[in-house]
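Below: one structure, written as structure tokens.
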Amino acid sequence: MKQLEAMMKHRGVTLIDVRPKDEYLKGHLPGAVSVPIPELRSYEKSFPPKKEIVAYCRCKYCVMADVIACAPSGQNTPQG
């Protein structure tokens with residue numbers, strides 16, 4: 001968590017929570033923005049260009065989070 005916080009602070013990483021909105025409202029990582037998968041395309045242009053995006057969902061091994069992080073601009077590379 002400390003590594004993620006440092007990335008957000010020093011590199012301007014955008015943290016997105018791709019879980020359904022109700023799950024986000026029950027609890028989320030500090031600094032995370034709620035962008036449920038069905039709404040991802042509508043938020044696409046609001047992401048800072050050429051900045052890293054870290055996406056997370058329900059479990060430790062969220063394969064979709066890597067795909068989603070690359071999908072909006074096509075410029076982001078999954079970090080694992």
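Laboratory data are not the source of any read-out in this text; all were calculated from the coordinates shown. Being a predicted model, the structure only gives us computed values, none of them experimental.
In summary, the lysines within cross-link reach of residue 2, defined as a Cα separation below 18 angstrom excluding same-chain residues under 8 places away, comprise 60. Annotation: extensible slack from residue 45 through residue 29 equals 3.5 nm (criterion: 0.36 nm per residue apart, minus Cα-Cα distance).
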